[in-house]
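Just below is one structure, and these are the notes that go with it.
The values are calculated or read from the model by the stated rules, or taken from the named source; none is laboratory data. Note that this is a predicted model, so its numbers are computed, not measured. Please note: Cβ atoms are built from the backbone with ideal geometry, for glycine as well, and neighbour counts cover all protein chains shown. Protein only, heavy atoms only, side chains kept; ligands, DNA and RNA dropped before computing areas. Shrake-Rupley method; radii C 1.70, N 1.55, O 1.52, S 1.80 Å.
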Amino acid sequence: MDYTNKLHLVYGDGSLGVGGAGFHYIFSYERGGLESLKVNGKEWLYRTPVPTFWRATTDNDRGSGFNVKSAQWLGADCFQKCTAINVTVDNHDFGGLPLDNDHYSNEETAERVTVVYTFETLTVPATTVTMTYTVEVGGAITVHVHYTGKAGLPELPVMGVRLIMPTAATGFEYQGLSGETYPDRMAGAKRGTYQIQGLPVAKYLVPQENGMHMATDWVEVTRTANRSA
């Protein structure tokens, strides 16, 4: 069957497969995220993307005791707890997972698929983060991450998504502020589009956060080496 104008769905016991011309994705119910992202026969994921809450501490962090006061975010970053998964296919919300797999053939199609993973942070008190994947015809994936703040939690070191690829990048291009910028170090930076060769990391004696870019509109990562899945 030609799935050029439709997404091809494979309903599994532990995952949902979404494919089309030149791409196939696997959304895992057991691992709590996008487990495989294959485009043109190449696998682009090494680990399931998850929320991240921790960054390497700086000398200022250690001097102010920030790393101690916010230490529980390190535990939340290392250990992820997915508590709910919801699947919506076109306009049909399953209200959870489509586990009645015997009702589906191997030729199921759709125009849009949305998978929502809800994570509960291992903090006291706990809060939630949702990661929503929306797949459109043609293979484009939109990922929306929502963090729910909660009173009583220590200062959050960082909020983002950890995306690990199978091979190292050779560089990246981004649109935003020039140079290395931070919330307290943005004055003097110029907006534009910049290309960075390699992955420059400062050779600190003690590893610490570096290379941040504030107010970034988009980032395009370049890789020359891939792995076939």
Worksheet entry | Cβ-placed point charges (K, R +1; D, E -1), dipole of the chain about Cα centre in debye, nearest 20 | 940 debye
Worksheet item: At 222 nm, what helix-only mean residue ellipticity would the chain give, in deg cm²/dmol to the nearest 500, using -39500 (n - 2.57) for each DSSP H run of four or more?
Response: -1500 deg cm²/dmol
Discussion item. Could you report the accessible area of Trp54 in Å², rounded to 10, computed with a 1.4 Å probe on the protein chains as they sit in the structure?
Written reply: 50 Å²
Response to the item:
Taking a crude spin-label model, label points 7 Å out from Cα along the C-beta direction, the Gln195 to Ser105 distance in nm is 5.0 nm
Worksheet item: Just going by the charge dipole of the stretch 7-166, with Lys and Arg at +1 and Asp and Glu at -1 on Cβ, which of Tyr29, Thr52, Gly14 is farthest out on the positive end?
Response: Thr52
Worksheet, complete the sentence: Expressed in Å to one decimal, the Kirkwood Rh of the stretch 79-229 from all distinct alpha-carbon pairs is 19.4 Å
Practice prompt. On the protein heavy atoms, probe 1.4 angstrom, tell me the percent of accessible surface of the stretch 7-166 carried by carbon and sulfur.
Written response: 51 percent
Worksheet item: What whole-number value in Å² describes the accessible area per residue of the chain for a 1.4 Å probe?
Response: 58 Å²
Worksheet item: Which value, in Å² and to the nearest 10, is the accessible area of Leu122 when all protein chains are kept and the probe is 1.4 Å?
Response: 80 Å²
Discussion item. Out of the trypsin sites (Lys or Arg not before Pro) in the stretch 166-229, which ones are loop residues according to DSSP with at most 12 other C-beta atoms within 10 Å?
Written reply: Lys190, Lys203
Worksheet item: How many times 2.2 N^0.38 Å is the alpha carbon radius of gyration of the stretch 167-224?
Response: 1.19
Response to the item:
Calc'd 3J(HN,Hα), the stretch 40-46, phi into Karplus 6.51 cos²θ - 1.76 cosθ + 1.60 (θ = phi - 60°), Hz, glycine/Pro = x, comes to 6, x, 10, 8, 10, 10, 10
Practice prompt. Hey, can you grab everything whose amide H is under 5 Å from the amide H of Ser15? Only 5+ residues off in sequence or another chain; H modelled, so Pro and N-termini drop out.
Written response: Tyr29
Worksheet entry | the stretch 66-98 residues near the modelled Tyr182 label - backbone nitrogen below 14 Å, point 7 Å along Cα→Cβ | 66-67
Discussion item. Which order do the peptides 24-33, 154-163 come out in when sorted by mean C-beta neighbours inside 10 angstrom, highest first?
Written reply: 24-33, 154-163
Item to complete: Find which of Met165, Tyr194, Ala110 sits farthest along the positive direction of the dipole of the chain, computed with +1 on the beta-carbon of Lys and Arg, -1 on that of Asp and Glu, about the Cα centre.
Response: Tyr194
Practice prompt. For His213, list long-range residues whose amide hydrogen, built 1.01 Å from N in the peptide plane, is under 5 Å from its own amide hydrogen.
Written response: Thr181
Discussion item. Let me test this: with uniform point scatterers at the alpha carbons of the stretch 7-166, what is the Debye-based log₁₀ I(q)/I(0) at q = 0.16, 0.19 1/Å?
Written reply: -0.91, -1.15
Discussion item. Just to confirm my numbers, what's the Cα centroid distance between the stretch 111-127 and the stretch 187-229 in Å?
Written reply: 27 Å
Discussion item. Among 127-137, 76-86, how do they line up by average Cβ neighbours within 10 Å per residue, starting with the highest?
Written reply: 127-137, 76-86
